[in-house]
Each structure stands twice: as C-alpha cells, then as structure tokens.
Amino acid sequence: MKILKYIFSGCALMLFAQCTDLTEEPFTFLSPTNYYKNADELNTALVGVYDGYQNGFNGYYKYIMYLEVLTEFGSPAYAKDDTQLWNVWADMNNADKMVITNWDDAYNIINRANLVVGRGANVTMDENLKKRYFAEARFLRAATYYNLVRMYGGVPIPETFTEGLKNLAIPRKTVDETYAYIIADLLYAEENLPLKSAYGNGNAWRVSKGAAQALLGDLYLTRGGMTGDKTYFQKSKDYCAKVIQSSQYNLQPNFKDLWFWWNTNNKNGIESVFELQYGSVENEYNNNHVMFGVNITETTLGCYMYHRFGPSIQHYLSYDNADTRKEGSFLTKFNVTEKGNPSHIIQTLEFVPADKGFFPGSKGWKTASPGNLKFYDRTESSASLKKPQANSYAIRYADVLLDYAEAENEINGPAAAYSYVNRIRNRANLPDLTPGLSKEAFADAIYRERGWEFVGEGVLFFDEIRTNRIGKNVANHVKYGNDNKINMYVNNPLQFVPSKNFLFKIPRYDLDSNPALVQNPDNVSN
C-alpha cells in the first residue's frame with residue numbers, strides 16, 4: 001500500500017486558514033517515535049488526518065471528476081486524464097488504468113488516524129479532550145472507509161498504525177464487516193463529539209456530533225438501498241432526524257451564498273455540517289479548478305482554469321430557468337479584459353447550448369460545457385497567487401433533508417416527506433412538488449432534486465448506484481450525446497452498461513504490494 005510514505009516525516013500542513021482564527025503557518029510532522037508528548041502535539045497530528053482527507057476525497061479533483069463523469073451529470077470537456085473514456089465506461093475492468101486513484105491516499109488517511117488513536121493513548125492530557133480528538137480521528141477514518149466500501153466492496157482494515165515493512169499482508173474484510181467497523185467508529189464519534197455550536201468560531205471547521213449523525217443517516221440509507229432491508233431506512237430516518245432536531249443547522253436562505261465565488265464570508269456557515277478547509281498556502285489550496293469546465297486565464301475570474309471536465313449539457317438544460325441554482329452553480333458568460341487593466345473589456349464570451357460543446361463556440365466559449373462555480377475563487381489574491389481558497393462541502397444540511405425524505409418515502413410513502421423536499425425547492429425559487437405522487441414518482445423527484453442541488457459535489461455517482469439508476473441513466477445519457485452529436489460523444493458510443501453491484505478494480509500497484517489482497521472480479525456489462 002505504499003505505506004512507508006504515510007509515516008509523517010516531511011508532510012507539511014496548513015492550519016485551515018482564512019475561515020478560522022488559526023494562522024497560515026505550515027507544520028511539519030516529526031517521527032512518530034519522538035512525537036505526541038502532549039495535547040498540542042496530538043492535536044497537530046489530528047490536523048494531519050484532516051489534511052489527508054481533504055487531499056484524498058472531496059477536495060481532490062480526480063475523485064469528483066472520475067465519479068461524476070460516469071453519470072449523466074458530468075461530461076468530458078477535453079481529452080486530458082482520459083475523461084472521455086470514463087464517460088462511456090471504456091475498459092472499466094482494467095486494474096492498471098481505469099481505477100479511482102485514491103486507494104493509497106485512503107490508507108494514508110487511515111494510518112494517520114490510527115497513529116492518533118494508537119499513540120495518543122499514552123499522552124497525559126485532559127481525558128475528555130483526548131476522547132474528542134479520538135472521536136474526530138475515528139470519524140475521518142470512518143468517512144474514508146465509507147468511501148472505499150462503496151467503491152471497492154470489503155476492504156483491508158489494519159488493526160493499528162504502520163511504521164515499517166512488517167504486517168503489511170492484510171486480507172480484505174467482508175462488506176458487512178467493513179460497515180460494522182465504520183458504524184462502531186461513528187457511534188464513538190457521536191458519543192464523544194460536541195455540537196457544532198459548542199466549538200466556537202475558532203474551531204467551527206472540526207467535525208461535530210451532527211456530522212457523525214448525518215454520516216450515519218447517509219450510511220444507513222445506502223445500506224437500505226443496496227440490500228432492500230427496510231430496517232436500514234428507519235435507522236437512516238432516525239439519525240437524520242437527530243440532525244434536524246438539533247437546531248444546529250439550517251438551509252442558507254440564498255443558494256448563491258453557499259459558494260465562495262458569490263460570498264467570500266461563506267465558510268463553515270449555517271448549512272455546513274462538515275466541510276474541508278482551504279487557504280492560499282502551498283499544497284493546501286483547492287485544486288478543483290482543474291475541473292472548472294472553462295479553459296481560460298482571466299484575472300477577473302481568479303486563478304487560471306482548466307477544462308478537463310464539466311457539467312453535461314443535458315443536465316444543464318434540465319434546469320427550470322426560474323431555478324436559482326442554475327445561475328448559482330454555473331458560469332456561462334464572462335468578460336475577457338486587457339492584461340493589467342481589468343476595467344477594459346476586450347471581449348464577452350458566452351456558453352451557447354446550441355453549439356453542442358464544440359469550441360470556440362459561436363460566442364467565443366472556449367470549452368465543451370458550462371463552468372462549475374461551486375469550488376472556485378475569483379478574488380484578486382487567487383488571480384495573483386494561483387491558489388484558490390474556496391472550501392469544499394463534505395456534508396450539507398440540504399443532503400440531510402433529502403436523505404430524510406428518501407428514507408421516509410421508502411418506509412411510509414411520500415405524504416410526510418414532501419415538506420423536506422419542498423424546503424429545498426422553495427429555496428431554489430421553485431414551487432412545491434405536485435401533491436399525490438406515487439412512492440415511485442416521489443423517489444424519482446428526489447433523485448432529480450439531488451442532481452440539481454449537488455452537481456459537482458461528488459455524491460451523485462453514489463446516488464445512482466444506491467437507487468439502481470446507474471445503467472439506465474448512463475445508457476440514455478450517452479445515447480443523447482450520440483444522437484445530438486454533442487462534442488466528445490461523436491463516434492463514442494457507450495462501451496459498458498454498469499449494474500448496481502459495480503465495483504472498481506483495486507489499483508494493481510497496491511494489489512501487488514499486499515500479498516493477502518484479492519482483486520475484485522471483472523464486472524459484467526448489464
């Protein structure tokens with residue numbers, strides 16, 4: 001598992017700048033053999049677990065890009081990183097190439113968490129604070145395993161931290177065993193983490209009791225969807241209800257204010273259950289600008305932008321024009337200004353759907369899709385330093401509300417679930433859902449709502465798998481691109497139809513380094 005690189009010597013961190021009271025000074029990890037002597041050192045190690053998580057998942061562009069381009073919500077905008085092959089599910093059984101490349105990053109996070117819990121046991125400090133630190137580490141470990149089990153199935157679970165080449169042959173646990181381990185971590189976190197409000201402004205970035213409950217709610221919803229066991233839906237509803245009833249969270253009244261692009265004071269706000277922190281520090285800025293969907297260097301838009309991946313034209317056109325999330329999420333028009341003189345506009349570029357993704361478009365648009373604003377920073381410092389500092393949401397309150405509605409619908413039908421979906425719709429300036437929908441029609445409505453709400457946030461692939469929509473929707477989406485001759489889809493038909501039980505291949509270089517690790521069987525096209 002390349003585990004030696006995960007012992008902390010040489011790893012630099014930033015202390016979650018700009019959105020907390022902490023300073024922007026990087027810390028360097030010392031050898032674990034002479035570290036963790038007091039609470040401050042244990043806290044620094046804990047910050048390293050957060051740092052690993054932000055670099056491995058929601059804050060890592062390839063994780064979101066590869067997952068979302070496999071759905072109808074995302075499309076390739078350029079051939080870099082082979083996104084056009086992922087979009088049509090090409091060669092998905094190739095363990096050398098077509099893999100989500102964060103397996104080793106995940107075990108980096110896990111080993112860091114294990115070090116905090118293992119070595120922290122011998123630190124003399126306030127016991128309640130120690131339990132809180134352990135709960136934070138165990139939440140991040142659980143979140144990491146949750147991502148892994150949904151992508152790969154049962155995974156190896158090291159019993160302790162790793163310091164050398166010994167004991168690296170670790171067999172895989174079953175799916176049930178992996179989930180049991182995750183749940184145990186999250187229950188410990190729920191018991192020992194404070195409410196978000198108890199942290200105060202300086203620590204609002206840390207995981208809280210609500211984050212553990214929200215993740216348990218999502219986990220049980222996934223278990224219900226994958227197994228059909230109704231008892232899981234009740235547990236999902238119960239945990240989501242705890243978050244809702246805690247009075248710690250609410251929807252941000254204006255959807256735009258969720259995003260740094262529109263509101264630079266938005267970090268760790270009322271809708272944030274857990275988000276990943278970024279600042280304008282080397283190796284700690286938000287790297288999701290590589291999937292912004294726009295190929296341009298324009299200082300009034302902040303840091304330079306790439307166009308490897310973007311929202312699909314099909315999905316963009318599905319929004320009601322009254323939906324405030326359409327303008328709030330997508331960049332479709334901007335000015336090109338004179339270098340050094342941003343007040344002098346040279347040209348206005350605009351995305352035109354009728355161009356079908358061919359660029360430069362009829363109004364000069366330089367890529368195959370709209371731009372995604374959600375994780376971008378257009379401030380002057382972003383333009384000059386090339387280090388965007390927008391945060392990334394891992395869990396939003398909107399997700400909790402829709403999880404609750406989905407679980408309630410699965411248990412009792414839609415009658416009592418309408419209000420939770422309508423809160424999301426009304427915030428977006430849309431009317432209430434049509435009353436009297438069947439259970440199946442209401443489930444479809446929730447799924448569509450999740451697409452409009454969470455595009456680009458790294459959750460929609462798992463929604464498609466959990467609800468068994470992945471094969472049909474992917475087939476229809478690629479056919480839409482083929483039939484309408486959308487750029488990047490021309491002469492590029494779907495090569496594999498995924499099933500609900502699809503699992504990614506474990507990267508071969510990680511498989512080869514663990515002799516006890518067994519590869520997933522080849523997926524069969526549906």
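None of T222, T231, T300 is in a helix (DSSP H, G or I), surrounded by fewer than 24 Cβ atoms within 10 Å (Cβ to Cβ) and modelled with pLDDT under 95 except T300. Here W86 clears all of (1) modelled with pLDDT of 85 or more; (2) of a type in the set (F, W, Y); (3) within 23 Å of E159 (Cα to Cα) except the condition numbered (3).
Of all positions in the stretch 201-217, none carries a residue that is without any contact (Cβ under 8 Å) to a residue 24 or more places away in the chain and of a type in the set (S, T, Y). When the stretch 73-113 is filtered for residues that are touching a residue at least 60 places away in the same chain (Cβ under 8 Å) and under 22 Å from G48 (Cα atoms), the ones remaining, listed by number, are T101, W103, D104, Y107, N108, I109, N111, R112, A113. Summed over the stretch 309-366, residues that are part of a helix (DSSP H, G or I), touching a residue at least 40 places away in the same chain (Cβ under 8 Å) and surrounded by fewer than 17 Cβ atoms within 10 Å (Cβ to Cβ) total 3.
Filter the stretch 111-128 down to the residues that are in contact with a Leu (Cβ under 9 Å, 6 or more places away or on another chain) and in a helix (DSSP H, G or I) and list them by number.
Filtering the stretch 111-128 for residues in contact with a Leu (Cβ under 9 Å, 6 or more places away or on another chain) gives 112-113, 116, 119-120, 123, 125.
Residues satisfying the conditions are R112, A113, V116, R119, G120.
Could you check, for the stretch 258-267, whether at least one of its residues is in contact (Cβ under 8 Å) with a residue 40 or more places away in the chain, assigned to a helix (DSSP H, G or I) and either closer than 21 Å to N372 by Cβ or not aliphatic (A, V, I, L, M) (or both)? Yes, the conditions are met somewhere in the stretch 258-267. Looking at this structure, is Y60 under 21 Å from the mean Cα position of the chain (by Cα) and modelled with pLDDT under 95? In short, yes. I'd like the full set of residues that are assigned to a helix (DSSP H, G or I) and farther than 21 Å from F274 by Cβ, limited to the stretch 131-156. Y152, the sole residue that qualifies. Give me the residue from the stretch 371-386 that is assigned to a loop (DSSP other than H, G, I, E, B) and more than 20 Å from the chain's Cα centre (by Cα) and, out of that set, surrounded by the fewest Cβ atoms within 10 Å (Cβ to Cβ). For the stretch 371-386, the residue satisfying everything is K386.
Quick check, is A416 of a type in the set (A, V, I, L, M), assigned to a loop (DSSP other than H, G, I, E, B) and out of contact with any Lys or Arg (no Cβ under 6 Å at 6 or more places or on another chain)? Against the criterion (of a type in the set (A, V, I, L, M), assigned to a loop (DSSP other than H, G, I, E, B) and out of contact with any Lys or Arg (no Cβ under 6 Å at 6 or more places or on another chain)), A416 qualifies.
No other residue among R138, R132, R119 is in contact with an Asp or Glu (Cβ under 6 Å, 6 or more places away or on another chain) and over 25 Å from T227 (Cα atoms) apart from R138. Y179 meets the conditions (1) among the aromatic types (F, W, Y); (2) under 25 Å from the mean Cα position of the chain (by Cα); (3) over 21 Å from D463 (Cα atoms) in every case but one. The failed one is (3).
For the stretch 315-357, what are the residues that are touching a helix residue (DSSP H, G or I) at 6+ places or on another chain (Cβ under 8 Å) and at positive phi? If the condition is that a residue be touching a helix residue (DSSP H, G or I) at 6+ places or on another chain (Cβ under 8 Å) and at positive phi, then K356, G357 are the ones that fit.
The values are calculated or read from the model by the stated rules, or taken from the named source; none is laboratory data. None of these values were measured; they are calculated from a predicted model. Neighbour counts run over all protein chains shown; Cβ positions are idealised from the backbone, glycine included.
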